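Colleague: For reference, the structure I am asking about is given below.
Bear in mind these aren't lab numbers, they're just calculated from the coordinates by the rules spelled out. These numbers were taken from a predicted model, which means no experiment stands behind them. Cβ: placed from backbone, ideal geometry, glycine included. Neighbour counts: every protein chain shown.
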Amino acid sequence: MESQSRSLSRLESLDDYDPNAMPVAQARELIRQFLTPITEQESVKLSAALRRTLASDVLSPMNVPPHDYSAMDGYAVRFDDLANAAGKFKMIGSAYAGHAFEGEVLAGECVRIMTGALIPQGCDSVVMQEQVTVEGNSIAIPGDLRRGQNIRRVGEDIQQGSAVLVRGQPIRPAEMGLLASLGFDEVTVYRKLKVAIFSTGDELQQPGSPLAPGQIYDSNRYSLLGLLNELGVEILDKGNIRDDKASLKAAFVEAAQQADAVITSGGVSVGEADYIKQLLAEIGEVVFWKIAMKPGRPLAYGKIGAYGKIGPCHFFGLPGNPVAVMVTFQQFVRDALLVLMGQQPKPAFTFKVACASAIKKVPGRTEFQRGILSQDTSGGWSVRTTGEQGSGILSSMSKANCFIVLPVSQGNVGAGVMVDVQIFSGIN
Ligand code: AMP
Ligand code: MG
C-alpha cells in the first residue's frame, strides 16, 4: 500500500515525465502500472451474469452437439444401401427434434427426419426433402449423394474437455448462450467492482428542479451513470458536492472507504486543482496531469484512502466540461476499470476513412473530434464532424457515432484526407 503511494511520487523522476503536457498513451500507461485486479470471486446465476468477468477457465463438460443430428428436413438413409436399393427406399417411420426414431434402420429403409432430430441408428446420411420423389411409402432418391451429408456431427462445435473460455473473459450475450449450451446454470465470476461517483460545483442544480440564475444542470453524473452501467460495475452515486473543503474531504473519505474507485468531475482545472490537491494529499496521493489532448486537458489520478480503514482506492478526477468527461472516461477510465475487474481490454477499434470535409487543427495535442461515419450511395464510407466541437457541447456526443482521432503532430486536415476513426463502444 505504502510502496504504491511512494511509487506514484516516483513518477516525477522519470525522464520523459511532463505533467503539463502528458501524451495520451503515456498517461494510459502510467495509470496501468498502479492497477491490481480484484481477486475475490463469487458464484452467480447465469441469467444474472451479463457483463461480469469469468474468474476461472471453462472446460467443456460435454460435446456440442452432444449427438449426431439432422441439419435438414429430409430422409435419413444408409449411404451404402444406395446402390443396392436402386434409389428406392421404404419409409419406416419419422424422427422429430426431441422425438427420436426408436428402431434400427435396415437395408433399403429410410426414416422421415426433421432438422434437429437425432440420426436414427444405422443411418449415416440425410437427403434433403426437395431432392426426393415420394410415392406412398416409397421414396426415390437420386444418386449424387455424399456420405455423411446434412448431419451436424457430435462435437463439431465444441469437443468435451476442450477449453472454451478463459479467465478474464467478459460475459457478453454470446457467452451467455455459449455457457448455457454447455449446461451451466451458474458461473464463477469476480465480485463486482464498486465505483463511487460525484459531481463538484456550486453552480450545479439537479434535473427536476428549476434553475436559478448562474446555475446549470448536473449532466456529468448522468453521463457517468450511463457509461458505468455499460461496464456492469456497482455504482455508488454520491450526488453533487459543494465547492467547500470540509464537504469535499468528507465525500472523498467516505467514498474511498466504500469503493474500489472514485470518479469525480470538475474541480481539477487550474486554481481549483491546487485546492483539491491539498485536500487529497491528506488522504492519499494523487498526481495531476495536463493531458496533451482536446477535449479533456486536466486529469487527476491517484490512490485515496491510503491512510483510511479500507483504502487504497483508485481516484479519477475528470474535467468538468461534459464532453471532456465522456472523452477522458472513454480514453483512460474505462480500460482501467476493466483491468480492475479482471479483464484485458483490447485497444479501441480504430481504422482509417476519408474525411468528407476539412478540419481545423493546431499541432500539439491529440484531438478527439466527434464524428459521424456514414455510407454514400455507392457504398463507400466517410466521416464528417458533428460541427461545433467545444468541450461543453454535449449534443455533439449524442449526434456522433465515432471519434475522429487526430494525432498530436497533425495540423489542419484537408477534405478527402484519410483520418483515424474510433467507433463508439459502450457510449452509444
Ligand atoms: P470545473 O473544472 O469545475 O471548473 O468545470 C469546468 C466547466 O464544466 C464549468 O463550466 C462547469 O460549470 C462545468 N461543469 C462542471 N461540472 C459539471 C457537471 N456535473 N455537469 C455539467 N457541467 C459541469
Ligand atoms: Mg467546478
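Colleague: At 222 nm, what helix-only mean residue ellipticity would the chain give, in deg cm²/dmol to the nearest 500, using -39500 (n - 2.57) for each DSSP H run of four or more? Write down the numbers at each step before the final one.
Modeller: On the way: 10 runs with 86 residues, N = 428.
One gets -5500 deg cm²/dmol as the mean residue ellipticity at 222 nm.
Colleague: To the nearest 0.05, what FRET efficiency results for L59 and T39 with a Förster distance of 25 Å applied to their C-beta separation? Intermediate values should be presented prior to the final figure.
Modeller: On the way: r = 21 Å, r/R0 = 0.84.
Once the sixth-power term is evaluated, E becomes 0.75.
Colleague: From the backbone phi of region 332-338, what are the Karplus-calculated ³J(HN,Hα) couplings (6.51 cos²θ - 1.76 cosθ + 1.60, θ = phi - 60°) in whole Hz, Gly and Pro given as x?
Modeller: Result, rounded to whole Hz: 10, 6, 4, 5, 4, 5, 4.
Colleague: Hey, another quick one. Can you tell me which of S219, S391, S162 moves the most in a GNM of the chain? Springs connect C-alpha atoms under 10 Å apart.
Modeller: Highest fluctuation of the listed residues: S162.
Colleague: Restricting to DSSP loop positions (anything but H, G, I, E, B) with no more than 15 other Cβ atoms inside 10 Å of their own Cβ, which trypsin sites (Lys or Arg not before Pro) remain in region 266-341?
Modeller: K309
Colleague: Reachable lysines from K360, Cα under 17 Å, same-chain residues fewer than 8 places away excluded?
Modeller: Those lysines meeting the cut-off are K294.
Colleague: Please find the FRET efficiency linking R32 to S219, where r is the Cβ-Cβ separation and R0 is fixed at 30 Å, and quote it to the nearest 0.05.
Modeller: With R0 = 30 Å, the Cβ-Cβ based efficiency is 0.55.
Colleague: Nothing charged except the Cβ atoms of Lys and Arg (+1) and of Asp and Glu (-1): what's the magnitude of the dipole of the chain about its Cα centre? Round to the nearest 20 debye. Don't skip to the answer; put the middle values down first.
Modeller: Working: 40 positive and 44 negative charges, 195 e Å.
It works out to roughly 940 debye.
Colleague: Counting pairs of alpha carbon atoms under 8 Å apart in space and at least six apart in sequence, what relative contact order in percent does region 328-423 give?
Modeller: On the way: 168 pairs, mean separation 36.5, N = 96.
Once divided by the residue count of region 328-423, the mean separation gives 38 percent.
Colleague: State whether region 90-201 is rounded, prolate or oblate according to the following rule on the C-alpha gyration tensor (a ≥ b ≥ c being the square roots of its eigenvalues): a/c under 1.5 gives rounded; otherwise a/b larger than b/c gives prolate, and the remaining case gives oblate. Working shown, then result.
Modeller: Working: a/c = 3.71, a/b = 3.25, b/c = 1.14.
Taking the square roots of the gyration eigenvalues as a ≥ b ≥ c, region 90-201 is prolate.
Colleague: In this model, which of K249/K346; K303/K361; K245/K361; K194/K346 are farther than 32 Å apart at the alpha-carbon? Write down the numbers at each step before the final one.
Modeller: Working: K249/K346 35 Å; K303/K361 35 Å; K245/K361 38 Å; K194/K346 22 Å.
Pairs exceeding the cut-off: K249/K346; K303/K361; K245/K361.
Colleague: Rounded, prolate or oblate: pick one for region 69-152, where a ≥ b ≥ c are the square roots of the eigenvalues of its C-alpha gyration tensor, a/c under 1.5 means rounded, and failing that, prolate if a/b is larger than b/c, else oblate.
Modeller: Details: a/c = 1.44, a/b = 1.33, b/c = 1.08.
Rounded, since a/c falls under 1.5.
Colleague: Here is a follow-up. Would you look at the GNM of the chain, springs on alpha carbons closer than 10 Å, and say which of C313, C110, C402 moves the most?
Modeller: Largest GNM mean-square fluctuation: C110.
Colleague: From the C-alpha coordinates alone, can you work out the Kirkwood hydrodynamic radius of region 350-423, in Å? Before the final figure, lay out each step's value.
Modeller: Values: mean 1/r = 0.0814 Å⁻¹.
In region 350-423 this quantity evaluates to 12.3 Å.
Colleague: Given a cut-off of under 8 Å on Cα pairs at least six residues apart, what relative contact order in percent is computed for the chain?
Modeller: Working: 939 pairs, mean separation 68.4, N = 428.
Relative contact order here is 16 percent.
Colleague: Suppose R0 equals 35 Å; then what is the FRET efficiency for S13 and T188 from their Cβ-Cβ distance, rounded to the nearest 0.05?
Modeller: Numbers: r = 41 Å, r/R0 = 1.18.
Calculated value: 0.25.
Colleague: Would you look at the GNM of the chain, springs on alpha carbons closer than 10 Å, and say which of A255, A163, A212 moves the most?
Modeller: Maximum among the listed residues: A212.
Colleague: Continuing with this model, one more query. Evaluate the relative contact order of region 198-240 (contact order divided by residue number), counting alpha-carbon pairs under 8 angstrom at least 6 apart; express in whole percent.
Modeller: Numbers: 35 pairs, mean separation 19.8, N = 43.
This gives 46 percent for region 198-240.
Colleague: Which of rounded, prolate, oblate describes the chain, given a ≥ b ≥ c as roots of the alpha-carbon gyration tensor eigenvalues and a/c under 1.5 marking rounded, otherwise prolate only if a/b is larger than b/c?
Modeller: On the way: a/c = 3.11, a/b = 2.15, b/c = 1.45.
Taking the square roots of the gyration eigenvalues as a ≥ b ≥ c, the chain is prolate.
Colleague: May I pose another question? Mind listing which chymotrypsin sites (Phe, Trp or Tyr not before Pro) in region 327-374 are in a DSSP loop and have 14 or fewer other Cβ atoms within 10 Å?
Modeller: Details: sites: F329, F332, F349, F351, F368; in loops: F349.
Of the chymotrypsin sites (Phe, Trp or Tyr not before Pro), the ones in loops of region 327-374 whose Cβ has at most 14 other Cβ atoms within 10 Å are F349.
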